[in-house]
Amino acid sequence: MTTHTDRVEPSRLARGTILAAATLTIMAPAVVAPSLPRMEQVFADQPAASLLVRLAMTVTSLMIAISAPVSGLVADRAGRRPLLVSCLTLYAVSGTVGYFVTDLYLLLVTRALLGIAIGGIMTAVSTTITDWFEGPRRASFLGLQQAFASLGGVVFLPLAGVLATIDWRVPFWLYSLAAVVALFAILAVRDRQRDEPGIATGRGRVATGPVLGIYALALVATTVFYMAPTQVPFLLEGLGIGPGLVGVVVAGSTLTSMLGALRFPALRRRLGSATITTISIALLGVGWLLVGGIGTVAGVAAGLLVGGAGVGLAVPNLNLRLSELAPPARRGRVLSGLVAGIFLGQFLSPLAAQPLVRTIGIGDTFTWAGIAMLAGAAIAVAVAGSRKRNTG
């Protein structure tokens, strides 16, 4: 039996395939972000078109949140590779077909199917990585996973903005890239989780309290962060910015998210998980204060860069903490809960922000969200200091 210490290193092609799959995940719902203003004009004659057009992006996130726990169960029972291949195929089909759809409600259906696919891909990728590695290697590769997920935004969001200037439907073709990744997954990726002790019998307990706390934190942080792709296009439109530049500006948050994720392994060697989480929330708060408080394109861009760095640190940090809490037999289910929390936050973001946007405007909504994040970080610091004094 292969053990933790003598397991065979996954091939370079297998590792590359997993990272390529990661690039298709976080950015996927937001590929249509530069097209949103034009979509709203095209479907203006339909009831509640403004909200439904935003849901064309976020219904994907809702379905990821709903389906991810099922994907986690499939990953633990049937294996990571079958889940990965089947969901990459569904991703390519359901994403690309959006180009041909002319009915807004049918478009929402295809976006929902895309969400099921993304939930499966993210769960398969995270559990495969935690099966392959442990210790510092696991932290490093989880950082790479988030970096490549952010790289997808850096590359695809500006490209989607350029394609949207041709026609708002053209960005849907970007989803077809998943078919290529699926082929490499078939050729290179192999499951390894069944070689570990406890997999066959399903042994192992989960620390429910800390796990649920991580899910809740991911939900709140993502609800705030996803104001970037759902609200910034409209904020920039009010500043006279077209869809091509919108994609570039919004991608700024994914660029610094990538850089933050690449710095995570080194930071994690020096700081604890709770400290990194506090730093992440504080960076998000400062970023959103910049977005809402300056009122210029430069201010929006700067705020997105700062906020993106916070998310780049947060996601691999929470993934690593969950992998430490989850026994091998339950990794799929535990890690899928983080996927659900992240994307439920994406879905809830426009719903939570819209009443504030109507009341105080988009800029002030960002300002108050930033204040809330900084307050949360300050409370975390105070609680940590109190615990340190009590234990000291």
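The values are calculated or read from the model by the stated rules, or taken from the named source; none is laboratory data. Everything quoted here is computed from the prediction, not taken from an experiment. Virtual Cβ from ideal backbone geometry, glycine too; neighbours counted across all protein chains shown. These area figures cover heavy atoms from the full protein model, side chains too; ligands, DNA and RNA do not enter into them. Shrake-Rupley method; radii C 1.70, N 1.55, O 1.52, S 1.80 Å.
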Hits in region 233-252 - residues which are open to solvent by less than 20 Å² (accessible area, probe 1.4 Å) and either modelled with pLDDT of 80 or more or not in a helix (DSSP H, G or I) (or both): Pro233, Leu236, Val249
Qualifying residue in region 49-70 (condition: out of contact with any Phe, Trp or Tyr (no Cβ under 6 Å at 6 or more places or on another chain), without any contact (Cβ under 8 Å) to a residue 40 or more places away in the chain and open to solvent by less than 60 Å² (accessible area, probe 1.4 Å)): yes
Answer residue from region 2-28, given it is open to solvent by less than 40 Å² (accessible area, probe 1.4 Å) and outside any helix (DSSP H, G or I) and is modelled with the highest pLDDT among those: Leu24
Filter result for Leu283 (among the aliphatic types (A, V, I, L, M), under 30 Å from Leu236 (Cα atoms) and either crowded, with 22+ Cβ neighbours inside 10 Å or in contact with a Lys or Arg (Cβ under 9 Å, 6 or more places away or on another chain) (or both)): yes
Qualifying residue in region 334-341 (condition: out of contact with any Cys (no Cβ under 8 Å at 6 or more places or on another chain) and either open to solvent by 30 Å² or more (accessible area, probe 1.4 Å) or of a type in the set (Asp, Glu) (or both)): no
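Could you list all residues from region 173-232 that are more than 30 Å from Ala369 (Cα to Cα), in a helix (DSSP H, G or I), at pLDDT below 90 and open to solvent by less than 40 Å² (accessible area, probe 1.4 Å)? Spell out the reasoning first.
Taking region 173-232 first, the residues more than 30 Å from Ala369 (Cα to Cα) are 173-207.
Restricting the remaining residues to those that are in a helix (DSSP H, G or I) gives 173-188, 193-195.
Adding the requirement that they be at pLDDT below 90 leaves 193-195.
Gln193 - this is the single residue of region 173-232 that is more than 30 Å from Ala369 (Cα to Cα), in a helix (DSSP H, G or I), at pLDDT below 90 and open to solvent by less than 40 Å² (accessible area, probe 1.4 Å).
Against the condition assigned to a helix (DSSP H, G or I), surrounded by 24 or more Cβ atoms within 10 Å (Cβ to Cβ) and touching a Leu at 6+ places or on another chain (Cβ under 8 Å), how does Gly292 come out, does it pass?
Working: assigned to a helix (DSSP H, G or I): yes; surrounded by 24 or more Cβ atoms within 10 Å (Cβ to Cβ): yes; touching a Leu at 6+ places or on another chain (Cβ under 8 Å): no.
No: the conditions fail for Gly292.
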Given (1) farther than 30 Å from Val70 by Cα; (2) surrounded by fewer than 17 Cβ atoms within 10 Å (Cβ to Cβ), number of the condition Glu324 does not satisfy: (1)
